[in-house]
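Right, one structure below, let's go through it.
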Amino acid sequence: GSMGALVDPGPKPGKKMKALHWTKLPDTRAKHTFWDGTKNPTQRKKALDDLRKTLELTTTFEGSFAQAVRKKVNLNRAKERKKTVLAMDMKRATAVGISLAKFNASQDDIVRAIVRLDDSVFKSSENVEAILKCVPTDEERKALLSLHEAGNSSKLSDAEKFCLRLLEIPNIEARMKTYLLKFTL
């Protein structure tokens, strides 16, 4: 038997493609479509070339149907991140981080707001209580100050750095508890 003319599949994709499972449409369903005018191999090649040029299939098609590349998790980086928490346990540092996230402001802005007792930052008792939760315990205070004095402040996590900054504010705990009264009276 004779085989039909081979169709040029076009350029090979640069990425691994997803498998597409097509069902051939009957010729009657392809009438008045792009594929209707491509019965002749020469016409088909010209039509495909025109289509490739028009739609830039080599980039958009490839990008649309390329398999997703799963990113490998760098375990060493996760270990490094764990090592940065030195003065507080991870659970406590996470709680401080969550409290800070409620403010949607930089640490500098939060510290400035604490010093000024800024109503635009401390809009509710919840905000004040969030800061109170961040105030270091005596044990954390000792650890933070010894690390700071040893010149290891750069190794502290963001949460620990914030707690260290809170220690620079005189009577931070009493100050915030007093400010909390504003919302309860």
For this session: Would you mind computing the Rg to Rh ratio of the range 87-184 from its alpha-carbon coordinates, Kirkwood style for Rh?
Result: 0.95
Exercise. Rg(Cα) of the range 110-156 divided by 2.2 N^0.38 Å?
Worked result: 1.44
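The numbers here are math on the coordinates, done by the rules we state, and not lab data. Just so it is clear, the model here is predicted, and its values are computed rather than measured.
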